């Protein structure tokens, strides 16, 4: 109803309203125009009982009547059949006062925005529900109020007639959305399966390619090593320099090929664990010493603390080297000159526990959840060479042996990676 009232309000000319002040103005064309507009409004909305225009007076509780939809056609009726026309049965005229004390919505709010009565009211026609809207001039000043009334019985019929199509529309919309959701879920599942298959094929291809590359790269590396050692004849200083450079690059290429192969194995669930009786203390010191030249070359303080309680354990030496060497190499790589890298290894509760700590750039907090992801690199080290495979493979290698890896880090302060590996009795290769 408020929508009907507010839509109708903009159709009235404020100048017409200003020219209707009292009963002497009923012959004016402006008055007749207002009445005709109200009549057409009611005809267009058959459930409306009344349509009228009023305006405020100096008394806040009293409005002034202007026009009604029936003023040109209606006749006074003896509604209560008492033989006389009572005051409340007389037709209202322009300028007649209208007490709005009992209609707070009309009195207080209707001059500012469309509003409906909060309570029903009764007159000689029955129980009514009313709505109002302001009629404004070009300066957005309210000059009058349009009101529309509907019998409650008619309002319920109108509501039901409007509500049923709405309910049917909502039901249809819900059904349509349900079918669309089912269709999208089905398409999504099909796409997921396709992507998984493509991912599997990609990993198999990477595994095959990296495996095929590893053999010739190893052969090149072996021959270059023989040349450096003088097994193929003495090299000049210039030749020695270039061959050593080639050897370093081939070593990097070999490491990358093996890394890609390990990534593919992890993705395909084919990471083989070959446990052997490993002298852990000797192994830790070997790996530590292998990375030491890189630390010395960079000017990083490089320390270890190897516990005397380290013992032989059934571990995969290749996977162990892959993890520990990667953590030590990363620590040196991301620690500036003058910084410190330390390896601690000891037995805790029958399990091997080792830590690699550094005073390097640290890992931003926003990257913590993603640091073990494939191809992921922390946002503060993108300017440093790396491939994003190392920690992904390290985590896979540790977990393949039944262990766990975790870390603590603060950007600008450093990082500590912690690895725990259980002691497995017997050779449980898989």
(request) Within region 343-387, work out how many residues are closer than 10 Å to residue 411 by Cβ and modelled with pLDDT under 90. (result) 3
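What are the residues in region 405-425 that are in contact (Cβ under 8 Å) with a residue 12 or more places away in the chain and under 31 Å from the mean Cα position of the chain (by Cα), if any?
Initial filter on region 405-425 (in contact (Cβ under 8 Å) with a residue 12 or more places away in the chain): 405-407, 409-425.
Correct list: 405, 406, 407, 409, 410, 411, 412, 415.
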(message) Quick check on my filter: what residues within region 392-404 are within 26 Å of residue 302 (Cβ to Cβ) and surrounded by fewer than 16 Cβ atoms within 10 Å (Cβ to Cβ)?
(response) 404
(message) So residue 398 passes all but one of these: (1) assigned to a loop (DSSP other than H, G, I, E, B); (2) in contact (Cβ under 8 Å) with a residue 60 or more places away in the chain; (3) more than 27 Å from the chain's Cα centre (by Cα). Which condition number does it fail?
(response) (1)
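Is it true that residue 354 is in the same structural domain as residue 412 (by TED's automatic domain parsing), crowded, with 21+ Cβ neighbours inside 10 Å, closer than 30 Å to residue 279 by Cα and under 34 Å from the mean Cα position of the chain (by Cα)?
Details: in the same structural domain as residue 412 (by TED's automatic domain parsing): yes; crowded, with 21+ Cβ neighbours inside 10 Å: yes; closer than 30 Å to residue 279 by Cα: yes; under 34 Å from the mean Cα position of the chain (by Cα): no.
When the stated conditions are applied, residue 354 does not pass them.
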(message) Based on this model, can you work out whether residue 33 counts as without any contact (Cβ under 8 Å) to a residue 12 or more places away in the chain, assigned by TED's automatic domain parsing to the domain that holds residue 71 and surrounded by 14 or more Cβ atoms within 10 Å (Cβ to Cβ)?
(response) no
(request) Give me the pairs, please: first residue somewhere in region 376-388 and more than 19 Å from residue 249 (Cα to Cα), second residue anywhere and modelled with pLDDT of 80 or more and exposed (fewer than 15 other Cβ atoms within 10 Å of the Cβ), beta-carbon distance under 9 Å, and either six or more positions apart or on two chains. (result) 376/370; 377/384; 378/370; 379/366; 380/412
(message) Against the definition (at pLDDT below 95 and at positive phi), how does residue 307 come out, yes or no?
(response) no
(message) Tell me yes or no: at least one residue of region 372-391 is surrounded by 13 or more Cβ atoms within 10 Å (Cβ to Cβ) and touching a strand residue (DSSP E or B) at 6+ places or on another chain (Cβ under 7 Å).
(response) no
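The values are calculated or read from the model by the stated rules, or taken from the named source; none is laboratory data. Worth saying up front: this structure is predicted, and the values here are computed from it rather than measured. Virtual Cβ from ideal backbone geometry, glycine too; neighbours counted across all protein chains shown.
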